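The values are calculated or read from the model by the stated rules, or taken from the named source; none is laboratory data. In this text the structure is predicted, and so the values were computed from the model without any measurement. Please note: Cβ atoms are built from the backbone with ideal geometry, for glycine as well, and neighbour counts cover all protein chains shown.
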């Protein structure tokens with residue numbers, strides 16, 4: 001049973017095809033940095049920037065799915081405030097001993113997602129949504145666009161090596177960041193949007209290369225520190241930095257395909273730093289405000305209606321847009 005009934009979310013618009021552009025929003029992954037997406041969405045709501053479709057990866061899939069389901073930014077901020085410290089975050093962790101498939105089972109994360117998304121399907125959402133994940137069996141990006149939303153988001157956020165892969169219909173899926181960390185191309189290929197806004201919360205290569213996350217180095221009792229796989233130089237740290245080198249190249253390519261790129265700036269950040277949620281959300285607000293002139297320009301009509309154009313014809317265009325908003329393509 002659904003735990004939420006969306007009611008007239010602000011961002012749902014289906015304008016006549018001959019007038020306003022259909023705008024898609026691509027949200028990158030990035031762990032705690034992804035909370036900046038909430039600040040961006042808040043500015044969109046305040047300024048009336050219409051969004052007709054959302055594509056999300058990992059944390060972007062989580063934030064985007066809740067917003068596409070009708071939760072406003074104010075509710076998303078409340079969700080972020082529910083994890084104010086590491087003790088609250090630990091309640092979402094369920095270790096998968098003896099760690100042969102990954103460190104975490106992910107069952108608690110799935111239940112957390114189901115609290116808000118319930119059994120909502122993609123067809124139930126008032127705003128079109130795509131969720132990207134990495135198909136470990138096909139060795140490619142998979143674009144979820146139908147069926148239950150919560151399992152798709154769980155798959156998109158299953159960090160490889162940390163989380164046990166999510167099995168759906170005989171395929172194993174893990175974090176979409178390995179193949180589509182900023183899903184601009186899936187958004188353009190799968191949904192009939194005219195323009196794309198991309199929000200990238202990952203640091204630029206020069207910042208990431210200089211940044212070393214040492215917060216795990218001294219975590220836990222001294223006698224256990226030699227077993228800390230996430231400390232600097234250990235296996236998961238090495239794996240994550242190798243993966244990041246590929247992600248940053250893909251992100252650069254995808255960002256160039258967007259009409260407007262919003263890039264929040266962080267003084268310092270790490271993927272698990274959820275306790276600093278307020279700073280990340282504020283960074284998103286500021287980035288969206290900086291991009292506001294470009295965003296407003298993006299909403300201009302594609303083809304202003306000719307004088308005397310029949311309103312019935314324009315209404316027919318509107319109906320067609322609503323009926324054909326999704327064209328499936330699994331990248």
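Counted as qualifying within segment 148-199 are the strands (runs of 3 or more DSSP E) with 2 or more residues that are in contact with a helix residue (DSSP H, G or I) (Cβ under 9 Å, 6 or more places away or on another chain), touching a residue at least 12 places away in the same chain (Cβ under 8 Å) and under 25 Å from residue 114 (Cβ atoms), namely 166-168, 171-175.
From (1) in a helix (DSSP H, G or I); (2) closer than 24 Å to residue 129 by Cβ; (3) at pLDDT below 95; (4) in contact with a strand residue (DSSP E or B) (Cβ under 9 Å, 6 or more places away or on another chain), pick out the condition that doesn't hold for residue 328. Every listed condition holds for residue 328 apart from (1). Being at pLDDT below 75 and more than 25 Å from residue 145 (Cα to Cα) is a property that residue 306 has. Within segment 261-295, the residues that satisfy the criterion of being surrounded by fewer than 18 Cβ atoms within 10 Å (Cβ to Cβ) and either at pLDDT 95 or above or touching a strand residue (DSSP E or B) at 6+ places or on another chain (Cβ under 7 Å) (or both) are 282, 286, 289, 290, 292, 293, 294. In this entry, residue 113 is excluded by the filter for residues that are modelled with pLDDT under 95, surrounded by fewer than 18 Cβ atoms within 10 Å (Cβ to Cβ), in contact with a helix residue (DSSP H, G or I) (Cβ under 7 Å, 6 or more places away or on another chain) and within 23 Å of residue 75 (Cβ to Cβ).
Answer yes if at least one residue in segment 204-220 is at pLDDT 65 or above, surrounded by fewer than 23 Cβ atoms within 10 Å (Cβ to Cβ) and outside any helix (DSSP H, G or I), and no otherwise. Checking segment 204-220: at least one residue is at pLDDT 65 or above, surrounded by fewer than 23 Cβ atoms within 10 Å (Cβ to Cβ) and outside any helix (DSSP H, G or I).
Of the residues making up segment 41-62, those that are over 13 Å from residue 127 (Cβ atoms) and surrounded by 24 or more Cβ atoms within 10 Å (Cβ to Cβ) are 57, 58, 59, 60, 61, 62.
One residue stands out in segment 166-178 among those that are at pLDDT below 95 and within 18 Å of the chain's Cα centre (by Cα): the one that is surrounded by the most Cβ atoms within 10 Å (Cβ to Cβ), namely 176.
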